[in-house]
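Remarks on the structure that follows.
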Amino acid sequence: MSVEHLLAAVVVLALIVFIGWWFLGKHEQQAQSAKQTAQKQAAIIKVHGGYSPSTVVLKQGVPAEVKFEMHDQTACLSHVVFEQLGIDEDLTKQAVTTVKIPTNEKKTFNFACGMGMFHGKVVVK
Amino acid sequence: MKKLTMGQRFWLTLIFSLPLIWQMLTMPFGWHYSGQEWVALASTTIIMLISARPYWSSAWAAFKLHKANMNTLVAVSTTVTYFYSLFAVLTGIAEYFESAALVTLFVLLGDYLSERMSNRANDAVKKLLSLQAAMAEVWRDGKYQNLPIEQVRQGDRVRVPAGAKVPVDGKILTGETEIDESLVTGESVPVAKQPGDQVIGATMNTTGLIEVEVTQTGQDTTLAQIGEMMRKAQTSHAPIESLVDRIAGIFVPAVLILALLTFAIWFVLLGASFTQAMLFGVSVIVIACPCALGLATPTALMVGMGRSARSGVLIKNGEVLEKAVELQQIAFDKTGTLTKGQPELTDLIGERKTVLAVAAAVEQKVTHPLAQAVITAAQKEKIAIPAAEHSQVLAGKGTAAEIDGQLYSVGNRRLLPTAAVNSTWTQQAEELAAEGKTVSYVLQGKKIIGLLAFKDLPKKNAKRALADLRRQDLRVAMITGDSHRAAASIASQLGIKQVIADVLPAKKVAAVKTLQQHGSTAFVGDGINDAPALAQADVGIAMGSGTDIAISSSDIVLTSSDLLGVPKAIALARKIFRRIKLNLFWAFIYNLIGIPIAAGLFAKVGLMLSPELAALAMAFSSVSVVTSALLLNYSKLRL
């Protein structure tokens, strides 16, 4: 085995280990609470290669909006779907898309991209 | 820089790809012009800047979130080939710019086409809601005024001339007409309407002028509710999809690892050149893009639900589809579902005028079909109906009320005090029941004063609907609160072998449970008393004339009361689910076959995929999955 073959094998091995650790290992993301004003609350989710934050927390009983800020230009994240609410919004039509979330009961609403590859949730506490 | 749309980016990329395509096509003939690698470098660089960059940026953002997706695959494959080619052109070895450019082109093509098609699939709901009339002639300040539909309130009086759309849901006050309700019910024959009848917003008034009292507006109209139900159904997941979701999370990293292994095996173990090994690795990444997988379910769901709604079948969510496939039995509520639900009074034993007057008075406020038949008969014979007080429903038995301080009751055999059983009355009732009639007893206090016998006829399409269901390999059963004999008469007319009769409303659930021991069971019903059974059944089907509660506890709602909707609904649900499975199968197969070919497993026999061919195959797979979903609109139903 030549030096360059050996080098290639080591690099490939290192990359495989890195991919496994980076993508499949545990990396918890912090949930974010919505900003409160007296009569309403709003949370902003940036859409770029995923949802950040992917979990937002809302307070029960205060009218709430989740705003999706679109920074991604690929088809992958073009739609956001709230299955439980029957909402399927096209995010590419405007820079910020507002989704109203009912907060009358404690509940978790899951959302995902149109193909179900990216997930996030809105928790009403 | 102004943001380009997907379409604009695709066309620009195509234009800049032309020199590269030319080079690819002429290479086999050995045509080569000097400096062609510099042309390739220039046009590919432009393509990378215009079209590949959004994928890079999205993939990088995803990477920082520890996520990998299809954009990651596109980004890795294009960066590897582009920067390798850049290095190659500077050091004077063979470049592969066309791979980077064409992968981008075909990925964009796939995105562009599937976006356009899913927009089309999504149109169904919008189209439905756009059918609502925009204006209405409303009675305000002593005259009819043309007002926007938003200003119409509950209780308003609106006028609908012949040839106009009914603007909102309401009840006819004056006028007779025929209304084309095909939009909501799928039935093409216009329905005759007279004062007191319900009309539905957005249906077409064909022949006469009517005045309508508005009962529902805005979000509460039938049309708006159908739209809402469809939206929920279309965004719902089929259970099979959660498997896809689980796979998706580890799919991309696994593909990246696989590509690295492909490279290492070719380069280190099999002694291929660095370039060849790299191309194998990149092909693996490109062919593996799971777009087709992601599109397979949502597009089929969307198109299928849209088609169902247009033919009067509202399927509430994706889960129902899978259950419909597993169904083995279907049970029908008898009265009002299998039969017309408007039985007629055929026999009366006792003092005719008194018995009819008393029975009509007691049942005046009852909506039960037998009660309606009594009232209809009394009205026909012009009998004055006395006033009744303190009327109460005795669940599963009948109704009781006071007339002039005396307690009267009307109901079935369970109403009788033990002493009254086996009298001549009950013998006569037996004889009537033997003819398949339903018998009601009329009691004054605890004494029987009369017998009423009714007969209900099957709905016109009942026989055909049941035959269609049997052809779909379903066993048909009937559940009813009526006596065995009344039920048996209908059952023999319709050829139903399994009859569960004498079922109290509260026991319908138990009857469904019993059936479920022999296999997955659907229940078809319409009344309030059917709601628990509809919820208990694996698939609950509410008929269009049904009450709100029946509709909310069911899985499938038929907007018409035509029984042929039932076999149609099940056939449609099964069809959509099979199409989802077919779509997923094709999407998986593409990857399953494509990955080994791309990895060079069959290189010995000359079967190989260059990165650009892999990209074309990948784009084609997305498009074929979406096409297959759209074909659901046109495929024939096997009934």
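The values are calculated or read from the model by the stated rules, or taken from the named source; none is laboratory data. Here the structure is a predicted model, which is why all the values come from computation and not from measurement. Every residue, glycine among them, receives a Cβ derived from its backbone with ideal geometry; neighbour counts consider all protein chains shown. The protein model used for the area step is the full one, side chains on, heavy atoms only, and it has no ligands, DNA or RNA in it. Shrake-Rupley method; radii C 1.70, N 1.55, O 1.52, S 1.80 Å.
Structure values in brief
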item	result
Evaluation of A:ALA112 against (1) part of a strand (DSSP E or B); (2) over 22 Å from B:LEU73 (Cα atoms) (one fails), failing number	(2)
Checking B:GLU228 against (1) modelled with pLDDT of 85 or more; (2) open to solvent by 50 Å² or more (accessible area, probe 1.4 Å), the condition it does not meet	(1)
Any hit, segment A:100-114, residues being of a type outside the set (Lys, Arg), surrounded by fewer than 18 Cβ atoms within 10 Å (Cβ to Cβ) and facing chain B (nearest Cβ under 8 Å)	no
The lone exception for A:GLY50 - which of (1) open to solvent by less than 50 Å² (accessible area, probe 1.4 Å); (2) of a type in the set (Gly, Ala, Ser); (3) without any contact (Cβ under 8 Å) to a residue 40 or more places away in the chain; (4) within 14 Å of chain B (Cβ to nearest Cβ) it fails	(3)
Condition check for A:THR92: among the hydroxyl-bearing types (Ser, Thr, Tyr), over 13 Å from A:ILE45 (Cβ atoms) and open to solvent by 10 Å² or more (accessible area, probe 1.4 Å)	yes
Residue list for segment A:64-78, filter: facing chain B (nearest Cβ under 10 Å) and open to solvent by 30 Å² or more (accessible area, probe 1.4 Å)	A:HIS71, A:GLN73
Every residue from segment B:477-514 that is basic (Lys, Arg) and either in contact with a Lys or Arg (Cβ under 6 Å, 6 or more places away or on another chain) or open to solvent by 20 Å² or more (accessible area, probe 1.4 Å) (or both)	B:ARG485, B:LYS497, B:LYS507, B:LYS513
Selected residue [in contact (Cβ under 8 Å) with a residue 40 or more places away in the chain, touching a strand residue (DSSP E or B) at 6+ places or on another chain (Cβ under 8 Å), open to solvent by 70 Å² or more (accessible area, probe 1.4 Å) and not aromatic (Phe, Trp, Tyr)] from B:GLU363, B:GLU351	B:GLU351
Within segment B:114-223, strands (runs of 3 or more DSSP E) holding 2 or more residues that are at pLDDT 80 or above and in contact with a helix residue (DSSP H, G or I) (Cβ under 9 Å, 6 or more places away or on another chain)	B:135-140
B:ARG307 vs. criteria open to solvent by 30 Å² or more (accessible area, probe 1.4 Å), out of contact with any helix residue (DSSP H, G or I) (no Cβ under 7 Å at 6 or more places or on another chain) and not assigned by TED's automatic domain parsing to the domain that holds B:ALA477	no
Residues (farther than 15 Å from A:VAL11 by Cβ and among the small types (Gly, Ala, Ser)) located in segment B:260-281	B:GLY271, B:ALA272, B:SER273
Counted residues, segment B:65-87 - those being over 20 Å from A:ALA112 (Cβ atoms) and free of Cβ contacts under 8 Å to residues at least 60 places away in the same chain	8
Failed criterion for B:PHE454 (all others in (1) farther than 30 Å from B:LEU563 by Cα; (2) aromatic (Phe, Trp, Tyr); (3) under 42 Å from the mean Cα position of the chain (by Cα) hold)	(1)
Sole exception among (1) touching a residue at least 60 places away in the same chain (Cβ under 8 Å); (2) open to solvent by less than 80 Å² (accessible area, probe 1.4 Å); (3) under 30 Å from B:LEU515 (Cβ atoms); (4) not in a helix (DSSP H, G or I) for B:GLY336, by number	(4)
Residues located in segment B:276-331, provided they are under 30 Å from B:TYR82 (Cβ atoms) and either under 13 Å from the mean Cα position of the chain (by Cα) or in a loop (DSSP other than H, G, I, E, B) (or both)	B:ALA288, B:CYS289, B:PRO290
Check on B:ALA462, outside the structural domain of B:ILE349 (by TED's automatic domain parsing) and not polar (S, T, N, Q)	yes
Failed item, numbered, when B:LYS316 is tested on (1) open to solvent by 10 Å² or more (accessible area, probe 1.4 Å); (2) closer than 15 Å to B:ILE556 by Cα; (3) modelled with pLDDT of 85 or more	(3)
Breaking point among (1) over 24 Å from B:PRO253 (Cα atoms); (2) of a type in the set (D, E, K, R); (3) more than 8 Å from chain B (Cβ to nearest Cβ); (4) open to solvent by 50 Å² or more (accessible area, probe 1.4 Å), for A:LYS26	(1)
Checklist (1) within 14 Å of chain A (Cβ to nearest Cβ); (2) more than 28 Å from B:GLN498 (Cα to Cα) applied to B:ILE315, failing item	(2)
Checking B:GLN342 against (1) over 30 Å from B:VAL557 (Cα atoms); (2) touching a residue at least 12 places away in the same chain (Cβ under 8 Å); (3) open to solvent by 30 Å² or more (accessible area, probe 1.4 Å), the condition it does not meet	(1)
Helices (runs of 4 or more DSSP H) contained in segment B:1-95 and holding at least 2 residues under 45 Å from the mean Cα position of the chain (by Cα), aromatic (Phe, Trp, Tyr) and crowded, with 18+ Cβ neighbours inside 10 Å	B:6-26, B:53-64
Residues being assigned to a loop (DSSP other than H, G, I, E, B) and in contact (Cβ under 8 Å) with a residue 40 or more places away in the chain - total across segment B:587-607	2
Search result, residues across segment B:390-411 that are surrounded by fewer than 21 Cβ atoms within 10 Å (Cβ to Cβ) and either of a type in the set (Asp, Glu) or closer than 23 Å to B:THR346 by Cα (or both)	B:GLY396, B:LYS397, B:ALA400, B:GLU402, B:ASP404
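Table: residues versus (1) under 30 Å from B:LEU260 (Cβ atoms); (2) crowded, with 19+ Cβ neighbours inside 10 Å.
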residue: B:LEU564; (1), (2): no, yes
residue: B:LEU572; (1), (2): no, yes
residue: B:PHE577; (1), (2): no, yes
residue: B:ALA587; (1), (2): yes, yes
residue: B:TYR590; (1), (2): yes, yes
residue: B:ILE593; (1), (2): yes, no
residue: B:ILE597; (1), (2): yes, yes
residue: B:LEU601; (1), (2): yes, no
residue: B:VAL605; (1), (2): yes, no
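Here is a yes/no grid of residues against (1) over 20 Å from B:GLY436 (Cα atoms); (2) assigned to a strand (DSSP E or B); (3) of a type in the set (Ser, Thr, Tyr):
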residue	(1), (2), (3)
B:ILE349	no, yes, no
B:ALA360	yes, no, no
B:GLN372	no, no, no
B:ILE385	yes, no, no
